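Peer 1: Dumping the structure here so I can ask a few things about it.
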Amino acid sequence: MNFIADESVDQPIVNYLRKNNYNVIAIVEMDPGLPDKQVFDIANDSKAILITADKDFGELVFLQNAITFGVILIRLSGLTLSKKIKIVYNAIKKYGNEIEGSFTVITPGIVRVRKRK
């Protein structure tokens, strides 16, 4: 499974996923400051799931009806970094292929996987 991590994703989350054999390209390492639409297009062109903490990607998917290979929106503010890492990793591990083509929201205590119609 391939991922593109938006700049809003904490680098330790990226590092932990990489350490656990996930292929993660971090925009901050590649080309910081890219507009959201470009990040979105890179993820789709790469057939990678976009990981972000930026709610603007929901607008691209739902309001602008943009096609997506998959988006994971992390909504874990206020938690320690170690808790965030654990929650994100466990959600990806548990939901695996269900998140491809879906808009997934990870919040404390719940993961919502919304398939596009």
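Peer 1: Below 12 angstrom from the Cβ of Asp36, what's the summed charge of the other residues (Lys, Arg +1; Asp, Glu -1)?
Peer 2: Values: positive: Lys37, Lys55; negative: Asp6, Glu7, Asp41, Asp54, Asp56, Glu59.
After counting each charged neighbour, the total is -4.
Peer 1: Also, I was wondering about something else. Consider a paramagnetic label point 7 Å from the Cα of Ser82 along Cα→Cβ; state which residues of the stretch 1-35 have an amide N under 20 Å from it.
Peer 2: From the stretch 1-35, the list is 10-20.
Peer 1: Of Ile13, Ala43, Ile25, whose Cα points farthest to the positive end of the dipole of the stretch 2-106 (charges on the beta-carbon: +1 Lys, Arg; -1 Asp, Glu; origin at the Cα centre)?
Peer 2: Of the listed residues, the answer is Ile13.
Peer 1: Under the classification rounded if a/c is under 1.5, otherwise prolate if a/b is larger than b/c and oblate if not, where does the stretch 1-53 fall, given a ≥ b ≥ c as square roots of the Cα gyration tensor eigenvalues?
Peer 2: The shape class here is oblate.
Peer 1: One-quarter of the Cα convex hull surface for the stretch 2-106, in nm²?
Peer 2: 6.0
Peer 1: Which of the peptides 94-107, 38-51 is most tightly packed, and how do the rest follow, going by the mean number of other Cβ atoms within 10 Å of each residue?
Peer 2: Packing order, densest peptide first, comes out as 38-51, 94-107.
Peer 1: Using a simple charge model, +1 on the beta-carbon of Lys and Arg, -1 on the beta-carbon of Asp and Glu, nothing else, what dipole does the stretch 14-115 show about its Cα centre, in debye to the nearest 20?
Peer 2: 680
Values in this text are rule-based calculations from the coordinates and carry no lab data. What you see is a predicted model; the values in this text were computed from it and never measured. Reconstructed Cβ throughout: ideal geometry from the backbone, glycine too, with neighbour counts over all protein chains shown.
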